[in-house]
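Q: Have a look at this one.
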Amino acid sequence: MVLRIVLGAVYTAMAVGQLASFGHMPGILAAYGLVDGGAATALAVALIAGELVCGIWFLARPRSKALAPVWVYTAVSVVWSLLAVQAYARGLTVANCGCFGIYLSQRLSWFVLAQDALTLFYAGLLLHGARSRPAAEPEDYRSSPTPPADAAGRGRPDRPDAEDAPHVHDIQ
């Protein structure tokens, strides 16, 4: 839960910074050497939307078992990581990674790659946690007219309670 809150805060802040500097985002993304013009604008919109969706969801519902925000977070993290790794491998100079738009700018370096690796690691943790959770009960016992039974079978109308069951001393 704490990881979701922290990641929610970071990704929401990223989206807010990118929205506040939206006019600069296509140019920032074009510096990675994969997209420019309309494609860079579309990529900026997709990244910001993804960051907002998972960020706000993680903050608003940190205990949610929904997989959608986890997959959105993973997709956004993969895109940012791929942009950074390919630009770094090609030796491109990226003056501002764009994570927070024009705010808190960092040049593309091994440090940014390490941050991206951490986001991928966290995505793996979130995906693993989502897959290893037990499945939800098909029926919520609180909404059921039949209360749940305890270990002795008490509380279920189809089984006699311990007080109603015949005892050894009752049988002659």
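The values are calculated or read from the model by the stated rules, or taken from the named source; none is laboratory data. Fair warning: this is a prediction, and the values are worked out from it, not measured in the lab. So basically every Cβ, Gly included, is an ideal-geometry build from the backbone, and we count neighbours across all protein chains shown. The protein model used for the area step is the full one, side chains on, heavy atoms only, and it has no ligands, DNA or RNA in it. Shrake-Rupley method; radii C 1.70, N 1.55, O 1.52, S 1.80 Å.
Q: Determine ³J(HN,Hα), in whole Hz, for all residues of region 14-28 in sequence, where each value follows from phi through the Karplus function 6.51 cos²θ - 1.76 cosθ + 1.60 and θ = phi - 60°; x replaces Gly and Pro.
A: 4, 5, 5, x, 6, 5, 5, 10, 4, x, 8, 4, x, x, 5
Q: Could you sort Thr41, Thr12, Thr93 by their accessible area in this structure, using a 1.4 Å probe and putting the largest first?
A: Descending order: Thr93, Thr41, Thr12.
Q: Using 0.36 nm per residue of separation minus the Cα-Cα distance, give me the extension gain between Phe22 and Leu125 in nm, one decimal.
A: Stretched fully, the Phe22-Leu125 segment lengthens by 34.0 nm.
Q: Roll a 1.4 Å probe over the protein heavy atoms and report the accessible area of Tyr122 in Å², nearest 10.
A: 70 Å²
Q: List every residue whose amide H lies under 5 Å from the amide H of Ala31, counting only residues 5 or more places away in sequence or on a different chain, with H placed 1.01 Å from N in the peptide plane.
A: Excluding prolines and chain starts, which carry no amide H, there are no hits.
Q: State, as an integer percentage, the relative contact order of region 1-97 based on alpha-carbon contacts under 8 Å between residues 6 or more apart. Before the final figure, lay out the partial values.
A: Working: 92 pairs, mean separation 34.1, N = 97.
Relative contact order of region 1-97: 35 percent.
Q: Between Ala49 and Ala68, what is the label-point separation in nm under the 7 Å Cα-to-beta-carbon projection?
A: Between Ala68 and Ala49, the label points sit 1.3 nm apart.
Q: Explain nothing, just the number: relative contact order of region 1-46, from Cα pairs under 8 Å at least 6 residues apart, as a whole percent.
A: Once normalised by length, the contact order is 27 percent.
Q: Give the accessible area for Asp36 in Å² (nearest 10); use a 1.4 Å probe, count only protein heavy atoms, and leave out ligands, DNA and RNA.
A: Answer for Asp36: close to 110 Å² accessible.
Q: Another question, if that's okay. For Val35 and Arg61, what is the calculated FRET efficiency with R₀ set at 30 Å and r taken between the beta-carbons, to the nearest 0.05?
A: In this case the efficiency is close to 0.40.
Q: Which whole-Hz couplings ³J(HN,Hα) result when phi for each residue of region 76-91 is put into the Karplus expression 6.51 cos²θ - 1.76 cosθ + 1.60, θ = phi - 60°, listed in order with x for Gly and Pro?
A: Per residue, the Karplus-derived 3J(HN,Hα) values read 5, 5, 5, 4, 4, 5, 5, 4, 5, 5, 5, 5, 5, 5, 8, x Hz.
Q: Can you send over the solvent-accessible area of Phe121, 1.4 Å probe, protein chains only, in Å² to the nearest 10?
A: 120 Å²
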